[in-house]
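Laboratory data are not the source of any read-out in this text; all were calculated from the coordinates shown. Predicted model only: the values in this text are computed from it and were never measured. Cβ: placed from backbone, ideal geometry, glycine included. Neighbour counts: every protein chain shown.
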Amino acid sequence: MFHDMMPGTDEHLRQNAPITGYIGFDPTASSLHIGNLATIMLLVHLQRAGHRPLALVGGATGMIGDPSGKSAERNLLDEEALRRNQAGIQAQLEKFLDFNDSPTGARVVNNYDWFKEFGFLQFLREVGKHLTVNYMMAKDSVKRRISGNEESGAEGLSYTEFSYQLLQGYDFFHLYKELGTTLQMGASDQWGNITTGTELIRRMSGGEGKAYALTGQLITKADGTKYGKSETGTVWLDSTMTSPYQFYQFFLRAEDADAPRLIRVFTLLPQAEIEALEAEHAQAPHLRVLQKALAKDVTIRVHSEEAYEAALAASQVLFGGGELSSLDEATLLDVFAGVPHVEVSRALLPELNAVTLLSEATNAVVFSSKGEAKKMIQGGGVSLNRVKVIPDQMALDVPLLLDKYFVAQRGKKNYFLIKLV
């Protein structure tokens, strides 16, 4: 997980326990995603090592936007939307960190609380004068945007975003002064913003203040692309935005080349157990024991044991021949979200048999013609709700799922969801 740290950070952590360290989280969505989960794990390890973790929700800076790693300025949110997002984020953080009144108890802070009464002129006088434009422009995140051209896809940099590192730097100073915070952590693309904070602390305290920076690696796939998106988009920690089944499947589908690193970053499994899983996986990669252990651990901690069991049952329905009737409607739709869906009028049902249902009634979605349907049925390659359609018994006497669904299967891998309306 480790990427870089300022000189002296290791000694500071060893000699001054418990220190207080923080990571900032962007509240532009009501949920964190698995990219954030990697930095949450930095806070988890900090607390497990006997230190105090702070999670800063950027209610003020979220109104502006961080230019790091972006080529365009983001849309700005209003205060009501940001507050709603902050509440969702805090609820998720409470699943990973121990919030209590002990010296190592976690706490959530919101930078809107100290910026809301901070006037523009006051900020320039008290904070802005301590950093030069030359210093701020030397940051990679600024240089990439300020020299924007058509080839890079960058749009240049507004003054609003240029000021972001100064605001984030002041966050560190405020937490240093008010809560004794001496460490800021984050992903490697935050190095410039974090070190601006350590420099601001030094300058605003007359050279006496000492603070530290530590960054973790960005989580990427073996091919170098960013990790955290599925075919349907971002993988969120909120179950209403990414269902536990989709979440479980995302980790289960991890490439063999990625799984060893992911299980070390996202779980707290002991090294010996991980190495044993790797050895077992090497003997039979097709069983995906490493991915299964990863997906189980993360799904339980992000959602719950019950959510994991439901996701596992749904996976077995699709890939292991489990009972379709065991699924509720939400899970059924989730399991078959990626297959073709087609609606058929319930009034037609008495007139249909398997051939006409799977060809004419479904507008040739399953089979292009009755002849094609008959041929595959005769070959034994068609089932409805896991009941094989027999050539001389093609009446629709298969029980409906939830009184409205047929799951049609053509061959081994082609599924279709038919809904009666």
Extension gain (nm, one decimal) between Asp78 and Asn16, 0.36 nm per residue minus Cα-Cα: 18.3 nm
For Met394, net neighbour charge (Lys/Arg +1, Asp/Glu -1) across residues whose Cβ lies under 12 Å away: +1
Highest to lowest packing among 94-107, 48-61, scored as the average C-beta count within 10 Å: 48-61, 94-107
At most 11 other Cβ within 10 Å, DSSP loop - GluC sites (Glu not before Pro), the stretch 194-275: Glu208, Glu231, Glu255
Efficiency of FRET between Lys404 and Arg48 - r from beta-carbon atoms, R0 60 angstrom, step 0.05: 0.75
Angle in degrees between helix 289-302 and the longest Cα principal axis of the chain, rounded to the nearest 10: 70
Cα point-scatterer Debye curve for the stretch 206-282, base-10 log of I(q)/I(0) at q = 0.14 Å⁻¹: -0.61
Rounded to the nearest 20 debye, dipole of the stretch 355-399 from Cβ charges on Lys, Arg, Asp, Glu: 120
Sites Lys143 and Ala337, calculated FRET efficiency, Cβ-Cβ separation with R0 51 Å, nearest 0.05: 0.75
Surrounding net charge for Arg202, when Lys and Arg each add one and Asp and Glu each subtract one, Cβ distance under 12 Å: 0
Whole-Å distance, taken between Cα centres, linking the stretch 250-310 and the stretch 10-43: 23
Alpha carbon Rg of the stretch 289-410, scaled by the compact-globule rule 2.2 N^0.38 Å: 1.24
Top positive-direction residue, dipole computed over the chain with Cβ charges, set Val335, Phe99, Ile19: Val335
Spin-label pair Glu280/Asp397, simplified geometry with 7 Å Cα→Cβ offset, distance in nm: 4.5
Set Lys370/Lys413; Lys375/Lys413; Lys374/Lys419; Lys226/Lys412 screened for pairs whose C-alpha atoms are more than 26 Å apart: Lys226/Lys412
Residue exposure sequence - Glu161, Glu178, Glu280 - by fewest surrounding Cβ within 10 Å: Glu178, Glu280, Glu161
Alpha-carbon centroid distance for the pair the stretch 363-397 / the stretch 399-419, whole angstrom: 12
Length gained when the stretch Asp256-Ser345 is fully extended (0.36 nm per residue, less Cα-Cα span): 27.6 nm
Scattering curve values for the stretch 2-216, log₁₀ I(q)/I(0), Debye with Cα scatterers, q = 0.13, 0.14, 0.18 Å⁻¹: -0.73, -0.85, -1.44
Theoretical gain in end-to-end length, Arg264 to Glu306 [0.36 nm per residue, Cα-Cα removed]: 12.8 nm
Radius ratio Rg over Rh of the stretch 341-420, counting only Cα atoms, Kirkwood formula for Rh: 0.91
Label point distance in nm, Ala272-Ala330, each placed 7 Å from Cα along Cα→Cβ: 4.1
For the chain: span of alpha carbons on each principal axis (Å, largest first): 91, 47, 42
0 to 90° range, to nearest 10: angle between helix 79-93 axis and the chain longest Cα axis: 80
Helix 191-204 axis, angle to the chain major axis (alpha carbon atoms, nearest 10°): 20
Interchain or long-range residues, amide H under 5 Å from Ala106's placed H: Asp98, Phe99, Asn100
